[in-house]
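Undergrad: Let me give you the structure first, and then I'll get to my questions.
The values are calculated or read from the model by the stated rules, or taken from the named source; none is laboratory data. Everything numeric in this text was worked out from a predicted model, so none of it was measured. We place every Cβ from the backbone using ideal geometry, glycine too, and count neighbours over all the protein chains shown.
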Amino acid sequence: MRGSRLTLLLATALLACSLSVLSVRGKEGECSSRGLYEGEFFSGIGKIQYEGPDSTNALSFHYYNADEVIMGKPMKEWLRFSVAFWHTLRGDGSDPFGSGTKLWPWEDASLDEMELAYRRMRAMFEFLEKLGVDYWCFHDRDIAPEGASLAESNAMLDKVVELAAHLQGETGKKVLWGTAQLFKHPRFAHGGATSPNASVHAYSAAQVKAAMDATKRLGGENYVFWGGREGYHTLLNTDLKLELDNLASFLKGAVAYKDKIGFKGELLLEPKPQEPTKHQYDWDVATTMGFLNQYGLSDEFKLNVECNHATLAGHSCDHELQLASAYGKLGNIDANTGDAQTGWDTDQFLTDPKEALLVAATILKQGGLAPGGINFDAKLRRESTALVDLFYGHISGMDAMARALRNAAQMLEDDVLPGMVKDRYSSYSKGVGKRIRDGKVDFVELEKVALSSPDPIEDLPSGQAELYEITLSRYIK
Ligand SMILES: *[C@@H]1O[C@H](CO)[C@@H](O)[C@H](O)[C@H]1NC(C)=O
């Protein structure tokens, strides 16, 4: 299996040579240069197989069995896993205190930026193939370098996208979502769409336009906006109302461009409260929904909820997912987790069984995430420097969600915990409760009910949080 797929990738790379995709230096015969396919990047690692919970092989799935049917759908359709190009291919382990620690085989300082971009893209497809994941996500500037001008950046992006489209055609892999990186380059120091400088706003729009084109070209199923610098460091120098108005008009522009090019994917906003800015406008699900409603944009957008962003906002991931789902706006999950003792976005793989169980329960209850999925916006620890660690990280995240999916399905099918919640609200299914739900009572009638009934304190039931915890723990297995 592995052999035939690798042959396919090799054939793909060779074919790509004849397609001009790789002729960035414009010379014939470059296809034999070091920038092109040289063999496996993840040598010695085969396709990861499901071996079941008793296997002692860490390079196997213990719970993720892609085609196993859970509540009427194969696991892979419930979970729709995606690998994030930025962390997995580009993450070098650097942090504010130290430089990169990873020496990945596709990185080679002697090569030019475009050759490197092609190598990374091939490494991505080899990784997806070996991991058995169908989707990937990218920022424009992760997959292609920044040129000397916007036009040059666009041209380089087009070339890398051409290779990616080719590799997708050969392997059947798909883009879950694309996005534009409007936070890394110094020009975005004051923001992108919310920059005080109109030239930066225009540049940002141009970059999003190109990233939307790239996402459409790759058949992407969603397009994400994460406002990495859409916020402020001090209100003293900030016209808050003007910045919010500009963010809204920017998003309206994106909607109009989506319609213009016939992009059928979902547009998603990704809440995050702070980091890198002190205050980001898309603080959390509630704030983001308030913004969308205020500007008449709520029909056009759903949300991409990231677990570690939820905890940075002082919520649990479960809270943010349930709130987004309650609004009919849960479009995608960036599955990761923070560290309870660390106050920043550590982007670790989500492996906590309880957190994963609650995530899976919301996915099942809303009938799935499609066209969204679960993107591993997660990275290795800085000191994890072996290539195989990339597999361990993703396997740990996939198995945690697969295990949680089975357990959540069992929890919903048993109907004990959901039944307890239903009972707790049973007073709303009859009598005055039903009339409240149906919107058929006013305060005058409610007062009559209150005056003619015993004081509710005489018969107020226990909330029994502890019993709920015990009941939940039966499904953490
Ligand atoms: C953006 O800032 C630069 C530098 O101050 C300035 O030259 C330019 O005119 C500004 N753009 C606009 C549209 O005002």
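Undergrad: Please indicate, with yes or no, whether at least one residue in region 434-455 is on the phi < 0 side of the Ramachandran plot, among the polar types (S, T, N, Q), surrounded by fewer than 22 Cβ atoms within 10 Å (Cβ to Cβ) and in the same structural domain as SER94 (by TED's automatic domain parsing).
TA: no
Undergrad: What is the one condition in (1) surrounded by fewer than 20 Cβ atoms within 10 Å (Cβ to Cβ); (2) within 23 Å of ASN332 (Cβ to Cβ) that LEU131 does not satisfy?
TA: Checking LEU131 against (1) surrounded by fewer than 20 Cβ atoms within 10 Å (Cβ to Cβ); (2) within 23 Å of ASN332 (Cβ to Cβ), the one that fails is (1).
Undergrad: Can you name every residue in region 118-165 that is out of contact with any helix residue (DSSP H, G or I) (no Cβ under 6 Å at 6 or more places or on another chain), on the phi < 0 side of the Ramachandran plot and part of a loop (DSSP other than H, G, I, E, B)?
TA: Within region 118-165, VAL133, ASP134, ALA148, SER149 qualify.
Undergrad: Identify all residues within region 109-136 that are farther than 19 Å from LEU163 by Cα and more than 21 Å from the chain's Cα centre (by Cα); write none if there are none.
TA: Selection gives ALA109, SER110.
Undergrad: On to the next question. Pull out all pairs, ordered by first then second residue, where Cβ-Cβ is under 7 Å, the residues are six or more apart or on different chains, the first lies in region 47-58 and is closer than 18 Å to MET75 by Cα, and the second is in a loop (DSSP other than H, G, I, E, B) and of a type in the set (S, T, N, Q).
TA: TYR50/ASN65; GLU51/ASN57
Undergrad: Out of the residues in region 173-193 meeting the condition of being in a helix (DSSP H, G or I) and more than 12 Å from the ligand (Cβ to nearest atom), tell me which one is surrounded by the most Cβ atoms within 10 Å (Cβ to Cβ).
TA: PHE188
Undergrad: Does region 98-106 include one or more residues that are of a type in the set (A, V, I, L, M), surrounded by fewer than 19 Cβ atoms within 10 Å (Cβ to Cβ) and assigned by TED's automatic domain parsing to the domain that holds LEU405?
TA: Yes; the residues of region 98-106 include at least one that is of a type in the set (A, V, I, L, M), surrounded by fewer than 19 Cβ atoms within 10 Å (Cβ to Cβ) and assigned by TED's automatic domain parsing to the domain that holds LEU405.
Undergrad: Sticking with this one: Working carefully through the options SER204, SER199, find the one that is without any contact (Cβ under 8 Å) to a residue 24 or more places away in the chain and among the hydroxyl-bearing types (Ser, Thr, Tyr).
TA: SER199
Undergrad: When you go through (1) more than 23 Å from ASP140 (Cα to Cα); (2) buried (at least 18 other Cβ atoms within 10 Å of the Cβ); (3) not small (Gly, Ala, Ser) one by one for ARG120, which number turns out not to apply?
TA: Among (1) more than 23 Å from ASP140 (Cα to Cα); (2) buried (at least 18 other Cβ atoms within 10 Å of the Cβ); (3) not small (Gly, Ala, Ser), ARG120 violates only (1).
Undergrad: Now, a different point. Can you tell me which of GLN322, GLN294, GLN280, GLN274 is out of contact with any Cys (no Cβ under 8 Å at 6 or more places or on another chain) and under 26 Å from ARG403 (Cα atoms)?
TA: Going through GLN322, GLN294, GLN280, GLN274 in turn, the sole match is GLN322.
Undergrad: Quick one: would you say GLY169 is in a helix (DSSP H, G or I), small (Gly, Ala, Ser) and in the same structural domain as TYR281 (by TED's automatic domain parsing)?
TA: Considered against the rule, which asks whether it is in a helix (DSSP H, G or I), small (Gly, Ala, Ser) and in the same structural domain as TYR281 (by TED's automatic domain parsing), GLY169 comes out as yes.
Undergrad: Could you list all residues from region 319-368 that are in contact with a Phe, Trp or Tyr (Cβ under 8 Å, 6 or more places away or on another chain), in a loop (DSSP other than H, G, I, E, B) and closer than 17 Å to GLU77 by Cβ?
TA: ALA335, GLY368
Results for (1) among the small types (Gly, Ala, Ser); (2) free of Cβ contacts under 8 Å to residues at least 12 places away in the same chain, shown as yes or no for each residue.
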| site | (1), (2) |
| --- | --- |
| HIS394 | no, no |
| ALA402 | yes, no |
| VAL444 | no, yes |
| SER452 | yes, yes |
| ASP455 | no, yes |
| LEU467 | no, no |
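Undergrad: Restricting to region 78-93, name every residue that is among the small types (Gly, Ala, Ser) and either outside the structural domain of TYR135 (by TED's automatic domain parsing) or surrounded by fewer than 20 Cβ atoms within 10 Å (Cβ to Cβ) (or both).
TA: Hit for region 78-93 is GLY93, nothing else.
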